[in-house]
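These notes concern the structure reproduced below.
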Amino acid sequence: MGQSYPVAPTPTPATADPDRSTLTLSATPIPATVADGPLMTGNLPGVTTLRLRPEDPADTGAVRRVLAAAFARPDVSTPPEVGLVDELRGSDAWLPELAMVAEYGGEVVGYALLTRVRVRSDRGDAPALALGPVAVAPHRQRIGLGSAVVQAALDAATELGERLVVVLGDPAYYRRFGFGRADQMGLTSPWSGLGEPWQALVLPPTTSGDGPPPRGEVLFPPPWSKV
């Protein structure tokens with residue numbers, strides 16, 4: 001399940017700062033924020049190929065490097081997002097088809113992860129997905145790779161018949177994918193009180209017989225408690 005796109009980039013304007021992450025919420029317990037823009041500018045001459053695909057075992061080191069660089073903070077040697085992904089890989093929440101990498105010019109430079117969560121209501125538990133972490137290597141930010149890898153992950157989830165995705169992040173950024181306020185969709189979590197940053201997306205149904213998306217309390221697997 002991979003997609004390749006030829007990209008003919010133009011040089012980044014000298015006044016732009018492609019390494020500045022304007023959308024990062026440093027205290028978010030669900031780190032799913034990146035800095036990027038339209039996939040129309042870049043800093044490599046000529047035509048470069050963007051490939052969007054699920055990660056494979058050989059990508060583990062590259063994914064760690066992307067996460068460490070994108071979420072770097074002066075107060076920690078290794079950002080917690082790195083450990084989060086490592087722990088999710090070894091948990092029941094891991095869905096290999098939904099761990100998406102962006103390979104740009106042969107280098108893994110972007111990442112978007114969807115993992116299993118549950119929505120609990122008085123009718124029982126229903127499956128859903130949590131988006132995050134999302135990361136783009138600083139030297140490849142602001143050229144649209146974040147949007148591309150997130151959309152690839154959401155498209156893959158739709159193909160698998162998933163119905164609901166939640167995220168905590170910048171509403172202005174995630175609105176482009178169709179996310180809206182999760183509390184207005186009947187979804188609660190420890191972060192419901194944050195309002196707009198607590199968001200959800202209902203994916204298109206795969207059959208006409210699919211029922212409405214679940215409503216209730218979103219339960220995250222244990223690794224999330226360490227972020």
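The values are calculated or read from the model by the stated rules, or taken from the named source; none is laboratory data. If you're wondering where the values come from, they're calculated on a predicted model, not measured in any experiment. Neighbour counts run over all protein chains shown; Cβ positions are idealised from the backbone, glycine included. The protein model used for the area step is the full one, side chains on, heavy atoms only, and it has no ligands, DNA or RNA in it. Shrake-Rupley method; radii C 1.70, N 1.55, O 1.52, S 1.80 Å.
Please enumerate the residues belonging to the range 203-227 that are exposed (fewer than 12 other Cβ atoms within 10 Å of the Cβ) and either in contact with a Cys (Cβ under 7 Å, 6 or more places away or on another chain) or farther than 22 Å from V150 by Cα (or both). Hits for the range 203-227 are T207, S208, G209, G211, P212, P222, S225, K226.
Any idea which of E103, E81, E97 is within 28 Å of T48 (Cβ to Cβ), assigned to a strand (DSSP E or B) and not basic (K, R)? I'd like the intermediate steps shown before the answer.
Values: E81 fails: assigned to a strand (DSSP E or B); E97 fails: assigned to a strand (DSSP E or B).
When all the criteria are applied, what remains is E103.
Considering the conditions (1) under 21 Å from S225 (Cβ atoms); (2) of a type outside the set (A, V, I, L, M); (3) free of Cβ contacts under 8 Å to residues at least 12 places away in the same chain, P127 is excluded by exactly one of them, (3).
Consider the range 57-71 and keep the residues that are touching a residue at least 40 places away in the same chain (Cβ under 8 Å) and either open to solvent by 40 Å² or more (accessible area, probe 1.4 Å) or charged (D, E, K, R) (or both). The one that is farthest from Q141 (Cα to Cα) is D59.
Restricting the search to strands (runs of 3 or more DSSP E) fully inside the range 110-227 and requiring at least 2 residues that are on the phi < 0 side of the Ramachandran plot, out of contact with any Asp or Glu (no Cβ under 8 Å at 6 or more places or on another chain) and not acidic (D, E) gives 124-136, 164-168, 198-202.
Specify which of the listed residues (A157, A182, A200) is touching a residue at least 40 places away in the same chain (Cβ under 8 Å) and surrounded by 15 or more Cβ atoms within 10 Å (Cβ to Cβ).
On the way: A182 fails: touching a residue at least 40 places away in the same chain (Cβ under 8 Å); A200 fails: touching a residue at least 40 places away in the same chain (Cβ under 8 Å).
Going through A157, A182, A200 in turn, the sole match is A157.
Of all residues in the range 169-227, exactly one satisfies the criterion of being of a type in the set (F, W, Y), modelled with pLDDT under 95 and closer than 22 Å to D122 by Cα, namely W191.
Tell me, which residue of the range 97-136 that is open to solvent by 10 Å² or more (accessible area, probe 1.4 Å) and within 14 Å of the chain's Cα centre (by Cα) is farthest from G211 (Cα to Cα)?
Initial filter on the range 97-136 (open to solvent by 10 Å² or more (accessible area, probe 1.4 Å)): 97, 103, 105-108, 116, 118, 120-127.
Among the residues that remain, those that are also within 14 Å of the chain's Cα centre (by Cα) are: 97, 116.
Values: E97: 24, R116: 19 Å.
Among those residues, the one meeting the criterion is E97.
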